[in-house]
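Participant: Submitted below is the structure of interest, expressed as structure tokens.
The values are calculated or read from the model by the stated rules, or taken from the named source; none is laboratory data. As the structure is a computational prediction, the values presented were derived from the model and not from experiment. Cβ placement follows ideal geometry from the backbone for every residue including glycine, while neighbour counts extend to all protein chains displayed. Areas reflect the complete protein model, heavy atoms only, side chains present, ligands, DNA and RNA absent. Shrake-Rupley method; radii C 1.70, N 1.55, O 1.52, S 1.80 Å.
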Amino acid sequence: MWGDMIAEYTQTKLTYPKDILSVLSEVASIMRAFSPGRYIAGLWELDLHYQLSWTSILDEADCYRPETYTAPSFTWASRIGPVMFPWQIIITKVCSIAYIFCTPKGSDPFGQVSNGFLKLEGKMICGIIGKREGHSGIYFFPQLKDENGNAIAGQNKCHPDCKLIDGKTKFLPPECGFGDEACGIINFDTTAAKEEMLGEKLCCFGLYWKTGLEDSDCSGVLGIVLEMVAEENSYRRVGVGGFPSVCFENVPEVGITII
């Protein structure tokens, strides 16, 4: 229900981006009666794994992060533009939420926030963002390592230097050593990132295993795509992606902070 309301709400145009949470405050206060846990800048604690997988709808409108801070990057309220949440599929959590912190900017616990962060413990992979010849999507080509941090045989083909195609900002990694099924499909949070992040080395942190129909592409691990910031083990969310489970096999667990 909350996801549907947010999807509809983000289709509207705000006069002032800084009000993205304030406008929703009264609705959020009513939702508290359903005991969804703590309210974290547009998300609810009880269903947080699922709600963290919100997705910007880039083909419907320009999605962007405003100059004025509105919310931590892990919430949809950190950017402006339409979002959607995955269908209520069966999920199995593959990470744990260690700590959540969010500071209201004023007296309204459902209004504007001044800062916040989220600590997660689970599996994270690193890789490079690129395009594949004959495909329109954006792909994440993982650098796979074993539990000792050593490169898995053949993975050097998964994490290559990108090649500029026809002088344009398109990057085509060589064929993945594990086959096409080892690549993740990415959706960025902002319109600008869709081009700016091509060729960049980013990370993906697994949120949950999702189960879909046998003949669909709904099964696999859904994770959030992150870029590292200056602080040690701190990251900023830049997108979301779907990955086959092979990408997270033999990967040690880590603790990270998302701001």
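Participant: Being assigned to a helix (DSSP H, G or I), under 16 Å from the mean Cα position of the chain (by Cα) and closer than 18 Å to Thr103 by Cβ is the filter here, so list the residues in segment 28-48 that pass it. I'd like the intermediate steps shown before the answer.
Facilitator: Of all residues in segment 28-48, those assigned to a helix (DSSP H, G or I) come to 28-34, 45-48.
From what is left, the residues that are under 16 Å from the mean Cα position of the chain (by Cα) are 47-48.
Passing the criteria: only Leu48.
Participant: In addition: State all residues of segment 62-73 that are of a type outside the set (Lys, Arg) and surrounded by 14 or more Cβ atoms within 10 Å (Cβ to Cβ); if no residue qualifies, say none.
Facilitator: Hits for segment 62-73 are Cys63, Tyr64, Pro66, Tyr69, Thr70, Ala71, Pro72, Ser73.
Participant: So, one more: Can you tell me which residue is modelled with the lowest pLDDT among those in segment 231-254 that are in contact with a helix residue (DSSP H, G or I) (Cβ under 9 Å, 6 or more places away or on another chain) and among the hydrophobic types (A, V, I, L, M, F, W, C)?
Facilitator: Top of the filtered list is Val246.
Residue-by-condition table, conditions (1) in contact (Cβ under 8 Å) with a residue 12 or more places away in the chain; (2) farther than 27 Å from Glu227 by Cα; (3) part of a loop (DSSP other than H, G, I, E, B):
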residue: Met5; (1), (2), (3): yes, yes, no
residue: Tyr50; (1), (2), (3): yes, no, no
residue: Asp59; (1), (2), (3): no, no, yes
residue: Asp62; (1), (2), (3): yes, no, yes
residue: Pro66; (1), (2), (3): yes, no, yes
residue: Ser73; (1), (2), (3): yes, no, yes
residue: Ile91; (1), (2), (3): yes, no, no
residue: Cys102; (1), (2), (3): yes, no, no
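Participant: Identify, please: which residue in segment 76-98 is surrounded by fewer than 16 Cβ atoms within 10 Å (Cβ to Cβ) and in contact with a Phe, Trp or Tyr (Cβ under 7 Å, 6 or more places away or on another chain) and is, among those, farthest from Pro66 (Cα to Cα)?
Facilitator: Across segment 76-98, the extreme among qualifying residues is Thr92.
Participant: Out of all the residues in segment 225-259, which are touching a residue at least 40 places away in the same chain (Cβ under 8 Å), open to solvent by 30 Å² or more (accessible area, probe 1.4 Å) and among the hydrophobic types (A, V, I, L, M, F, W, C)?
Facilitator: Answer for segment 225-259, where residues must be touching a residue at least 40 places away in the same chain (Cβ under 8 Å), open to solvent by 30 Å² or more (accessible area, probe 1.4 Å) and among the hydrophobic types (A, V, I, L, M, F, W, C): Val246, Val254, Ile259.
Participant: Something else: Within segment 15-61, track down each residue that is closer than 20 Å to Arg237 by Cα and open to solvent by less than 10 Å² (accessible area, probe 1.4 Å).
Facilitator: Matches in segment 15-61: Ile20, Leu21, Ile40, Ala41, Gly42, Leu43, Trp44, Leu48, Leu52, Ser53, Trp54, Ser56.
Participant: Among (1) open to solvent by 10 Å² or more (accessible area, probe 1.4 Å); (2) at pLDDT 90 or above; (3) assigned to a loop (DSSP other than H, G, I, E, B), where does Gly149 come up short?
Facilitator: Every listed condition holds for Gly149 apart from (2).
Participant: Name every residue in segment 229-252 that is among the polar types (S, T, N, Q) and not in a loop (DSSP other than H, G, I, E, B), in order of residue number.
Facilitator: Once the filter is applied, which keeps residues that are among the polar types (S, T, N, Q) and not in a loop (DSSP other than H, G, I, E, B), segment 229-252 yields Ser234, Ser245.
Participant: Would you confirm whether any residue within segment 17-27 is under 25 Å from Ile91 (Cα atoms) and assigned to a helix (DSSP H, G or I)?
Facilitator: From segment 17-27, those under 25 Å from Ile91 (Cα atoms) are none; that's our starting set.
No, there is no match, as no residue in segment 17-27 is under 25 Å from Ile91 (Cα atoms) and assigned to a helix (DSSP H, G or I).
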